[in-house]
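I have placed the structure first, in the form of structure tokens, so that the comments after it can refer back to it.
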Amino acid sequence: MTNSNKVQLITYVDRLTNGGLQDLNNLMQTELKGVFGGAHLLPFYYPIDGEDAGFDPIDHTQVDSRIGSWQDIKHLGQNYQIMADMIVNHMSAQSPEFLDVLQHGSQSRYYELFLTKEKIFGDNADQSDVNKIYRPRPTPCFTPIQLKTGETKAFWTTFTANQIDIDINSAQGKSYLESILDAFSANNISLIRLDAAGYAIKKAGTNCFMLEETFAFINDLSKRAKQRNMQCLVEIHSHYQTQCEIAQRCDLVYDFALPPLVLHTLFNQDAAPLAKWLDVSPRNCVTVLDTHDGIGIIDVGKHGDKPGLLDDEAIDSLVEEIHNRSGGQSRQATGAAASNLDLYQVNCTYYDALGADDKLYLIARAIQFFSPGLPQVYYTGLLAVQNDMDLLTKTQVGRDINRANLDLDQVKQQLTLPVVKGLIKLIKIRNDHEAFNGSFSHQLSEKEFIMSWQAPNSSAKLILDIQLLNCTLELKQAENTNTITIDEFL
């Protein structure tokens, strides 16, 4: 099976080995040899330790020298598919470009690179238009900043006051994005994750999220990426029907509905919502259970008059059950309990969301690997790392509960755990079994939920006993048949 259909690792370069790109490459060539076909390297740009863990780059085209160089990334890309984040919506308030704007105001040569309230709404914004703006955070979307020229401008700050939104329609904005594409294509990046792309286009009178113009922007950017032999993954949290529509118009989308639906299935012995989703879910997707962000909830909820995959009561129950099974730790990291909060995510490791139950965790991963799409596994999920309450206490950033800093000794220790060894066995089945290059189907009965892959000379089947939460894999290649229960992975 080619690398393009093998499980990928999601990781911060420095937080997995407490080292740099060369250390990561060594780990993937030794302890993790043969486990992954690719890696999503979370932001490695200067600086990796900004206000938003690298998602507020001062220089998007510079690798932070503390972890290595572009040459190191190019070297890693010789053996693995490498995904990198392209942060299209904003850049750091500490960037040289924005510092120049602070110094020279509207006369700065970089002024057109950044988006202000007046550029979209004019000098007298209609408050009813402003109120329509979709907000992913409870913070204001505009930050008034007094420039050294005496001017005060309301800069658009979708996420934080340190992340200044880019005017991607300006000549400088286009040139800036082009420079990132050039850096990627020159250094063996094959997949681009378009971070926060849904917010990139702003238009008065709209909610400024996933507009028709946004689709056009994504299409154009994807076209330019393809010309450089790269594909784009669009990162959008939205109603499941919107995800399906987006999928028809881009290379790849995330299946963000899967993580909460798997939890609902295992918490409630109810696979009906998951089955409904798999009836319509995009096939050109990347599947995850955990990421550097929290466990998304909005993706299975209602939107306006559109019902969700789960109703409000089921979602409330799901969130409470995560809090209960994590011993209340996720509650301390979610919502108003911690800063930098998102309105639609629960902060918790996926392992702890399942009460650190090894069997349930492996069932959840098996469901992920049998779902259509390219699977990715976050580094803490790979190693069954539990909630990092010390880091949460230190930073008071909710998502840090699932962003542990590990050294190589800790990694090696976690790799000895039965649940981690079992997960790696599952990953290798997903990587190596020819059936996963075939066609997918599923069926739901009162007692069983079955996920099947069929290729000309092979098949793979997952059978979940919904009531007893027992799981069996039936694997056939040529004349050989192998039946394994999840318990045998532990």
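A short reminder: the numbers here are calculations on the coordinates, not readings from a lab. Because the structure is a prediction, the values reported are computed rather than measured. Neighbour counts run over all protein chains shown; Cβ positions are idealised from the backbone, glycine included.
The GluC sites (Glu not before Pro) of region 421-460 that meet both conditions, a loop assignment by DSSP and at most 15 other Cβ atoms within 10 Å of the site Cβ, are Glu446. Only Cα sites of the chain enter the Debye sum here, all with the same form factor; the resulting log10 I(q)/I(0) across q = 0.09 1/Å is -0.61, listed in q order.
Say R0 is 25 Å: what FRET efficiency, to the nearest 0.05, do Lys223 and Ser4 get from their beta-carbon distance? Mind dumping the intermediate values first?
On the way: r = 20 Å, r/R0 = 0.80.
In this case the efficiency is close to 0.80.
Sparse packing (at most 11 other Cβ atoms within 10 Å of the Cβ) combined with a DSSP loop state is found for the following trypsin sites (Lys or Arg not before Pro) in region 5-36: Lys33. Entry note, the chain: the mean residue ellipticity at 222 nm calculated from DSSP H runs of n ≥ 4, each adding -39500 (n - 2.57), is -9500 deg cm²/dmol after division by the residues and rounding to the nearest 500.
Cross-link reach is defined here as a Cα-Cα straight distance under 28 Å, omitting same-chain residues fewer than 8 places apart; for Lys74 the lysines meeting it are Lys6, Lys33, Lys174, Lys223, Lys226, Lys412, Lys428. Under a 5 Å amide H cut-off, with hydrogens placed 1.01 Å from N, Ala356 pairs with nothing among residues at least 5 apart or on other chains. Excluding same-chain residues fewer than 8 positions from Lys306, which lysines have a Cα within less than 16 Å of its Cα? Partners within reach: Lys276. Remark on Leu374: its backbone amide H falls under 5 Å from those of Cys285, Val286, Thr287, a criterion applied only to residues 5 or more positions apart or on other chains, H modelled at 1.01 Å from N. The eigenvalues of the Cα gyration tensor, multiplied by 5 and square-rooted, give region 340-490 an equivalent ellipsoid with semi-axes of 32, 17, 14 Å from largest to smallest.
In order along region 102-113, phi translates into HN-Hα couplings of 4, 7, 10, x, 5, 8, 5, 5, 9, 4, 6, 5 Hz, rounded to whole numbers, per the Karplus curve 6.51 cos²θ - 1.76 cosθ + 1.60 with θ = phi - 60° and x for Gly and Pro.
Apply the a/c threshold of 1.5 to the C-alpha gyration tensor of region 439-489 and tell me whether it is rounded, prolate or oblate.
The shape class here is oblate.
Rounded to the nearest 10 degrees, the angle from helix 258-268 to the longest Cα principal axis of the chain is 50 degrees. With a Förster radius of 35 Å applied to the beta-carbon distance between Gln467 and Arg137, the computed FRET efficiency rounds to 0.30.
Applied to region 454-460, the Karplus parametrisation 6.51 cos²θ - 1.76 cosθ + 1.60 on θ = phi - 60° returns per-residue 3J(HN,Hα) values of 10, 10, x, 10, 7, 8, 9 Hz, with x for Gly and Pro. Cys141 sits among other residues whose Cβ lies under 13 Å from its own Cβ, and their net charge, with Lys and Arg +1 and Asp and Glu -1, is +3.
With coordinates expressed along the principal axes, the C-alpha atoms belonging to region 111-204 extend over 46, 31, 21 Å, beginning with the largest.
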